[in-house]
Amino acid sequence: MDNQYKEELEKEERQECPIADSELCAWVGKNGCMPCYIRSMKDESDKQKSLENWKVMLSNLPRDIDSLHESDKCVLCKGKIHDTECYATVDMAHPEPKTMKGMIFGFGKKIRTPVGSLVTINMASCKKCKKEYTLMETFVWIFLVGMLALSLVLMMVPAIANPIANINEALPAGFVVGLTVLGYFLGKFFYSLYRKKISRDVKVDLLEIPLIRNMLDKGWFFFQDNKGMPKLFFSKKKTPGRLFCFEPKGEENVEKQS
Ligand SMILES: [Zn+2]
């Protein structure tokens, strides 16, 4: 009985919704109308605007973008390709659709924000790529923290600390800072070495993935950019609710009402 009531309610909501059965509906409404954020919008024109924005965003994405997360083979592997065991995510942004912000309480000038679309791209990954990539990213920290700890331990040994302090009182602190900075540069050095080593088997440069390259050509850019390279996050499951499915499949398929 409860289910029937829910179905009736969904049907009513759907009839009134301006985005019903659109690509946007297939995406945001896959868990039903009740949790859909479009439903919570009061203004009808806002709902229409969301649909238009969504269409603009879709038009900027490569049509086969889904293959990045649907692949049962790792998309980061080079040479020997391993099976998909986890997912690497990267946030990508696009200047379209044109989005304005500013105007506090109606004052000020509206300015265009650089980000009109923001999507999380899930990429099929194997455990080996995840391990190699994660280790590479931690090199700087390992050396920085390691050298800091080492310098602090050394300064607790009187036979080493006392002669240094005798030269100048501030020298022990300088010694700690100096070794920590050295640790940072050592970390950077080993990061580069390790990156070079694993780049034979792992696409550490995401531009080597044709679909990502294709997105950059279409005007997308990495949202969290670190000298042109983004940070990857790995997880066992795909980032929920933020997958792209142009042609919804299985449970994500929305029944078309005739
Ligand atoms: Zn791999």
What distance in nm separates the two pseudo spin-label positions at residue 42 and residue 63, each 7 Å out from Cα along the beta-carbon direction? 4.2 nm
Extend 7 Å from the Cα of residue 236 along its Cα-to-C-beta direction; within segment 46-86, residues with backbone N under 13 Å of that point are 85-86
With the 8 Å Cα cutoff and a minimum separation of six or more residues, the chain has a relative contact order in percent of 25 percent
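Going highest first, how would you order 140-147, 162-169, 85-92 by mean Cβ packing within 10 Å? Numbers along the way, then the final one.
Working: 140-147: 17.0, 162-169: 11.0, 85-92: 19.4.
Put in order of decreasing packing, that is 85-92, 140-147, 162-169.
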Honestly segment 1-60 on the Cα gyration tensor test (a ≥ b ≥ c root eigenvalues; a/c under 1.5 rounded, otherwise a/b vs b/c for prolate or oblate) is just prolate
Positive end of the dipole of the chain, charges at C-beta (+1 Lys, Arg; -1 Asp, Glu), about the Cα centre: which of 133, 171, 28 has its Cα farthest in that direction? 171
If you take the square roots of the eigenvalues of the alpha-carbon gyration tensor of segment 1-114 and sort them as a ≥ b ≥ c, do you get rounded (a/c under 1.5), prolate (a/b over b/c) or oblate? oblate
Over segment 1-60, relative contact order from alpha-carbon pairs under 8 Å, at least 6 apart, %: 31 percent
Looking at the square roots a ≥ b ≥ c of the eigenvalues of the Cα gyration tensor of the chain, which shape do they give, rounded for a/c under 1.5, prolate if a/b is larger than b/c, or oblate? prolate
Expected unfolding gain across residue 150-residue 184 under the 0.36 nm per residue rule, minus the alpha-carbon gap, is 10.9 nm
At R0 = 45 Å the Cβ-Cβ FRET efficiency linking residue 192 and residue 166, nearest 0.05, sits at 0.70
Taking a 26 Å limit on the Cα-Cα distance, which of the listed pairs 49/238; 203/236; 42/231; 131/218; 73/237 fall beyond it? 49/238; 42/231; 131/218
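What is the fewest-to-most order of 215, 100 by other Cβ atoms lying within 10 Å of their Cβ? Intermediate values should be presented prior to the final figure.
Working: 215 23, 100 11.
By the 10 Å Cβ count, ascending: 100, 215.
Each value in this text was obtained by applying a stated rule to the coordinates, not by laboratory testing. Just so it is clear, the model here is predicted, and its values are computed rather than measured. Please note: Cβ atoms are built from the backbone with ideal geometry, for glycine as well, and neighbour counts cover all protein chains shown.
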